[in-house]
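Below is a structure I'd like to ask you about.
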Amino acid sequence: MLRTHTCGELTAKNADTSVTLCGWVNTRRDHGGLIFLDVRDRYGLTQVVFHPETAKEIFAIAETIRPEWVIQITGKVTKRLAGTENPKMATGEIEISVEKLEILSRAKTPPFEIDNTVAVNEELRLQYRYLDLRSAKMQKNLALRSKVFQLIRSYFTAQGCLEIDTPCLIKGTPEGAREYVVPSRVYPGNFFVLPQSPQQLKQLCMVGGLDRYFQIARCFRDEDLRGDRQPEFLQLDFEMSFCEQADVQTIIQGSIESILKECSPKKLKWGKVETFTWQHVMDTYGSDKPDLRFDLPIVDVSAISKGCGFKVFEDALTLKNGVVRAVCVPGGAALSRSEIDTWTALARELKAKGLAYILFKEEGPQSPLLKFFKEGFLEQLQKATGAKTGDALFFGADKFKIVCASLGRIRLEAAKRFNLIDTTTHALLWVTEFPMFEENDDGSLTFSHHPFTSPNTEEWKRRKEEPLTVHSICYDLVLDGYELGSGSIRIHDPVLQSEVFEMLGISPDDQKKRFGHMLEAFSYGAPPHGGFAYGIDRVVMILAGEPNIREVTPFPKDQKAKDLMLGAPSPVPAEQLRELEISIVGKV
Ligand code: ASP
């Protein structure tokens, strides 16, 4: 090795020994006729000092050194003078008196300061990611990511799982997103699809008798990006045979608990993992991934709103699945007009027609709605929601889904605005009993998890008459308001699988073309099986307290799905397209 120690390990115990360090020049300070450098590597910073009298020839070279040059120094570890120690630095008790200096690499002036990237524009950071990675924050986040990988590997191995890799060039596997396609040169006009997840392959591993599988799997989804999404991301993917829902949950829960225990100082709210049904969390928190570090429940006021005098509420109740609901925000009467306007715009983005509200001011309730209310309705609302002076009520009156989405969002905004989130705990919960199907705008059915999820077999009998009332054996794990992942007990009976495809409007012919391999595999003795997958980047993001997964992803795409460092995606040479028999025709 070109060094005897790293830049993060020397202390007073090493005083008077000779050492060699390598690293980047973090900062240079000239004072009192001496030159001080902080030399940086992954492990920390060490102060090195050049004395003009003891090292004349290298002093002149040291004067030319600039930040980010890579140097090797040899010298003696010296205790710093009393009063000049730096208790904030692990190596703050000592410095190195340099006797030998080697410049290993020079650096241009970097586009931003490495030790102060907070204020740097993200595009610049992503364009120069290799420089950004040198920052203390990114080094810390990626070390945490690596630790999470190790914990996952050791946990699932201890659970008797085999780590099995599955290919990235496959045939489509529907998970609800658009797919990335890869043209085949050997079979022009044909395409591979990048996996949205290894779903079908892990199930085929179960048919293959592998019993327990895990993989840190790369998944690709071509969808609109948000803070907690990337076009490619990593999942812990897990599958087991001869199991029931609770068996999968126990193993997955144990994995997340082991990661939290090692990587987070926070305790679990409730002292354990809670379980709620999908219906309960939608009704009470307006979301299937509620942040339960705070309460703020949504209250159904449909029954008392019948004939209440306010037409918007009355009309909502005549809709299919129409409801009137309210959330009471303690202290909300203090909200300004413009804050309410912002919240109204958020509700509108989620398809609500507006955001009705009542502010319970000291001088009395204030709201444009009051003039419409029949005598006694306001008091009924207060009784139902517990709203008192100083609070605000926000309403949703529409179809169930729209009301859930808009009030669920208002609940979150209110918690942030009034500091209601208990950030000293983690709220980890299971959401269970999801509906098997969701209705598309055109009335057709789509799956709510994926088409390989087993329905509740008792309820399946009424699928033709009341498909939307059938539940699946599916479960999501939610941490602090983020969906970590989903799983389900799978279908292993080819007849049932075919029936589900049929309900989803996939014709027998299409079933054969798209999923013939699954139906065929299930006809050769498939074990009952189930599994789960959680987003590793998302877990690391939460643990690191970062607002988006780009901060914990080594080389992320930007918010427009571009790699700014590599300049991808980019056109390919015409010759390559010719080989693939592809011509670019512009917008079709
Ligand atoms: N394949 C599913 C997903 O990516 C997870 C699972 O059902 O195991 O969400």
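The values are calculated or read from the model by the stated rules, or taken from the named source; none is laboratory data. Since the structure is predicted, the reported quantities are computational estimates derived from the model, not experimental observations. So basically every Cβ, Gly included, is an ideal-geometry build from the backbone, and we count neighbours across all protein chains shown.
Only one of T446, T424 is touching a residue at least 24 places away in the same chain (Cβ under 8 Å), surrounded by fewer than 21 Cβ atoms within 10 Å (Cβ to Cβ), out of contact with any Leu (no Cβ under 8 Å at 6 or more places or on another chain) and closer than 29 Å to D228 by Cβ; which?
T424
If you check C168 against the conditions, is it surrounded by 16 or more Cβ atoms within 10 Å (Cβ to Cβ) and either among the β-branched types (V, I, T) or not in a loop (DSSP other than H, G, I, E, B) (or both)?
Here the answer is no, as C168 does not meet what is asked.
Residue by residue through the range 90-99, note down the ones that are free of Cβ contacts under 8 Å to residues at least 60 places away in the same chain and farther than 15 Å from D16 by Cα.
The answer is G92, and nothing else.
Which of the helices (runs of 4 or more DSSP H) contained wholly in the range 309-403 include at least 1 residues that are touching a Cys at 6+ places or on another chain (Cβ under 9 Å)?
311-316, 377-385
Still on this model: Is it fair to say Q230 is modelled with pLDDT under 95, surrounded by 21 or more Cβ atoms within 10 Å (Cβ to Cβ) and not hydrophobic (A, V, I, L, M, F, W, C)?
Answer is yes for this residue.
For I489, state whether it is in contact (Cβ under 8 Å) with a residue 40 or more places away in the chain, touching a Lys or Arg at 6+ places or on another chain (Cβ under 7 Å) and either within 16 Å of the ligand (Cβ to nearest atom) or within 28 Å of A427 (Cα to Cα) (or both).
No: the conditions fail for I489.
Which residue pairs have Cβ atoms closer than 6 Å, lie 6 or more positions apart in sequence or on different chains, and pair a first residue in the range 367-387 that is at pLDDT 95 or above with a second residue that is assigned to a helix (DSSP H, G or I)?
Filtered contacts from the range 367-387: Q380/I304.
Residue by residue, here is whether (1) modelled with pLDDT under 95; (2) buried (at least 18 other Cβ atoms within 10 Å of the Cβ) holds:
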| residue | (1), (2) |
| --- | --- |
| I71 | no, yes |
| V77 | no, yes |
| A82 | yes, no |
| K88 | yes, no |
| T91 | no, yes |
| V98 | no, yes |
| L101 | no, yes |
| L104 | no, no |
| E113 | yes, no |
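Being hydroxyl-bearing (S, T, Y), over 27 Å from W430 (Cα atoms) and part of a helix (DSSP H, G or I) is the requirement here; does S570 meet it?
So S570 fails the test.
Would you confirm whether any residue within the range 181-188 is surrounded by fewer than 16 Cβ atoms within 10 Å (Cβ to Cβ), more than 15 Å from the ligand (Cβ to nearest atom), free of Cβ contacts under 8 Å to residues at least 60 places away in the same chain and charged (D, E, K, R)?
no
Could you check the range 18-60 and list, in sequence order, the residues that are surrounded by 14 or more Cβ atoms within 10 Å (Cβ to Cβ) and in a helix (DSSP H, G or I)?
I58, F59, listed by residue number.
When you go through (1) at pLDDT below 95; (2) outside any loop (DSSP other than H, G, I, E, B) one by one for C219, which number turns out not to apply?
Only one criterion is unmet by C219, namely (1).
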